[in-house]
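Engineer: One structure follows; several queries about it will come next.
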């Protein structure tokens, strides 16, 4: 059932459902999440089951305000606090040392916890309503089957889980890819997953350039969305530069079919059977549209998705990361 997220009665009903240990489709500014009470281990287990997600693959816990960090984290380094002050509410997840006895199932049994304070008004309203009834945080991985394309509309969530799931409709997600994840458990910021918040912004906020996770591999905690193969549509994804795309289209000629092409370059084709869509030149716009485009290509029944490799530029790192993982799943 899809409810209007701008309706206060829908927010109240959703908070009550979470209090009963039910699951909920929740809009955030990044993607829609499959949410439940982070403190209810049995409810969290239902998220893992619904998604087909391994139970040791941790979930991100969403909180209403920075003050809620203290409930889940036993230590907050100064640079982590600086990042929360700069970017919360917003598309940033911080991995922090976990307090014993909280969110054990949501963290996959690790001694760290991923926390985020989302900026979406519907998410904020729900989290405030949950806090008022004693729920300290909401575990909410992306509302899709494990490893598949994340949802950026309420309709995407309903297509994944059917009408039996309660979904708050908050409109299309403004960011469109999952949050930037920074590990704050090792004395320095370590970027585990790129997103809308860039390395330069992280450095400007906390005074330290983030390391990459492969620079400290032995101690890297497990975190959402960091598997090599992830975010994959049913169709096979192949990344190519514009020249290779055009060469492929020329070789296939008028008989080309069952292929979608997503590119910034102006490409020529002799076939009327191809699904052609232009990728935005702006990185933020490309991120916002990415998962919806991949889902639309699957809906069109294509077998292959040819995508022009994005620019090697800092602002494109999040899009490059998602596309590389989607291609690795083939």
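Engineer: Of 212, 112, 150, which is the most mobile in a GNM of the chain whose springs link Cα atoms less than 10 angstrom apart?
Structural biologist: Per the Cα network of the chain with a 10 Å cutoff, 212 tops the list.
Engineer: Right, another one. Determine the equivalent ellipsoid of region 236-328 by diagonalising the alpha-carbon gyration tensor, then write out the semi-axes as square roots of 5 times the eigenvalues, largest first, rounded to whole Å.
Structural biologist: They are 22, 14, 11 Å, listed from largest to smallest.
Engineer: Moving on. Using Cα pairs closer than 8 Å and at least 6 residues apart in sequence, work out the relative contact order for region 255-305, in percent.
Structural biologist: Working: 52 pairs, mean separation 22.9, N = 51.
Reported as a whole number, the value is 45 percent.
Engineer: Here's something else I'd like to know. Work out, step by step, the length gained on full extension between residue 2 and residue 241: first 0.36 nm times the residue separation, then minus their alpha carbon distance; give nm to one decimal. It would help to have the intermediate numbers written out before the result.
Structural biologist: Working: separation 239, 0.36 × 239 = 86.04 nm, distance 4.03 nm.
Length gained between residue 2 and residue 241: 82.0 nm.
Engineer: Got the relative contact order for region 236-328 handy, in percent, Cα pairs under 8 Å and 6 or more residues apart?
Structural biologist: Relative contact order of region 236-328: 39 percent.
Engineer: Can you give me the relative contact order of the chain as a percent, contacts being Cα pairs under 8 Å and 6 or more apart?
Structural biologist: 20 percent
Engineer: With everything on Cα atoms, drop me the angle between helix 283-299 and the longest principal axis of the chain, reported from 0 to 90° to the nearest 10.
Structural biologist: 70 degrees
Engineer: Dividing the convex hull volume of the Cα atoms of the chain by its residue count, what figure in Å³ per residue is obtained?
Structural biologist: 123 Å³
Engineer: Let me ask another. Set the Förster radius R0 to 25 Å, insert the Cβ-Cβ distance between residue 258 and residue 278 as r into 1/(1 + (r/R0)^6), and round the FRET efficiency to 0.05.
Structural biologist: 0.80
Engineer: Compute the FRET efficiency between residue 163 and residue 67 as 1/(1 + (r/R0)^6), taking r as their Cβ-Cβ distance and R0 = 30 Å, and round to the nearest 0.05.
Structural biologist: 0.25
Engineer: Which of these, 283, 139, 204, has the largest mean-square fluctuation under a Gaussian network model of the chain (Cα springs below 10 Å)?
Structural biologist: Ranking 283, 139, 204 by mean-square fluctuation puts 204 first.
Engineer: Mind jotting down the distance between the C-alpha centroids of region 1-27 and region 119-153, whole Å?
Structural biologist: 10 Å
Engineer: A further question follows. Give, in nm to one decimal, the length gained when the segment between residue 104 and residue 214 is fully stretched (0.36 nm per residue of separation minus the Cα-Cα distance). List each step's numbers first, then the result.
Structural biologist: Details: separation 110, 0.36 × 110 = 39.60 nm, distance 2.63 nm.
Full extension from residue 104 to residue 214 adds 37.0 nm.
Engineer: In addition: For region 161-207, report the convex hull volume of the alpha-carbon atoms normalised per residue, in Å³, without decimals.
Structural biologist: In region 161-207, the Cα hull volume divided by residue count equals 129 Å³.
Engineer: Please give the FRET efficiency for residue 55 paired with residue 82, using the beta carbon to beta carbon distance and R0 = 51 Å, rounded to the nearest 0.05.
Structural biologist: 0.95
Engineer: Can you show me the helix-derived [θ] at 222 nm for the chain, built from DSSP H runs with n ≥ 4 at -39,500 (n - 2.57) apiece and divided by the number of residues, rounded to the nearest 500. It would help to have the intermediate numbers written out before the result.
Structural biologist: Working: 10 runs with 105 residues, N = 330.
Per the formula, -9500 deg cm²/dmol.
Every number in this text was worked out from the coordinates using simple rules, so none of it is lab data. What you see is a predicted model; the values in this text were computed from it and never measured. Here the Cβ is made from the backbone with ideal geometry for all residues, glycine too, and neighbour counts use every protein chain on show.
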